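The values are calculated or read from the model by the stated rules, or taken from the named source; none is laboratory data. Nothing here was measured: the structure is a model prediction, and the numbers come from that model. Ideal geometry is used to build each Cβ from the backbone, glycine not excepted, and the neighbour counts take in all protein chains shown.
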Amino acid sequence: MKKALLFAGMMIWASTASAGGLGVTGKAGSLGIGVEVTMSVLPRVNVRGGLNFFNYAFDQSEGGNDYDFDLKLKSFSILAAPHPRSRAAPEWRDNF
């Protein structure tokens, strides 16, 4: 239940907060819970960096065998995103 509430909170918070060419986004997925920061470095190029974390522990006995493991995932990403077209909406014309 606690994880479900955390996940729901992250999804509500996941809308991007941005100001002055800098955006911060929270996310949850198969890589765990993470955060991404996006920054505009040129008029048509953004750079995005992110961090993700996920921990899982398992300890159980089955048929006389003991299973005990800890899974600790950490990942990071750095991406450049070019936008070759203008960000302006296309101009629609009435051809009738």
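Tabulated values for the structure
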quantity: Qualifying position, being at pLDDT below 90, surrounded by 12 or more Cβ atoms within 10 Å (Cβ to Cβ) and among the small types (G, A, S), among S18, S86; calculated: S18
quantity: Matching residues, region 31-79, being among the basic types (K, R) and within 17 Å of G21 (Cβ to Cβ); calculated: R44, R48
quantity: The listed residue being surrounded by 10 or more Cβ atoms within 10 Å (Cβ to Cβ) and at pLDDT 90 or above, out of V41, V24, V45, V37; calculated: V37
quantity: Every pair of residues 6+ apart whose Cβ atoms lie under 8 Å, when the first sits in region 21-35 and is on the phi > 0 side of the Ramachandran plot while the second is among the small types (G, A, S); calculated: G21/S40; G32/S75
quantity: In region 64-81, residue modelled with the highest pLDDT [restricted to those that are of a type in the set (F, W, Y) and within 24 Å of I33 (Cβ to Cβ)]; calculated: F76
quantity: Lone unmet requirement of (1) of a type in the set (A, V, I, L, M); (2) loosely packed, with under 10 Cβ neighbours inside 10 Å; (3) at pLDDT below 90 for A57; calculated: (3)
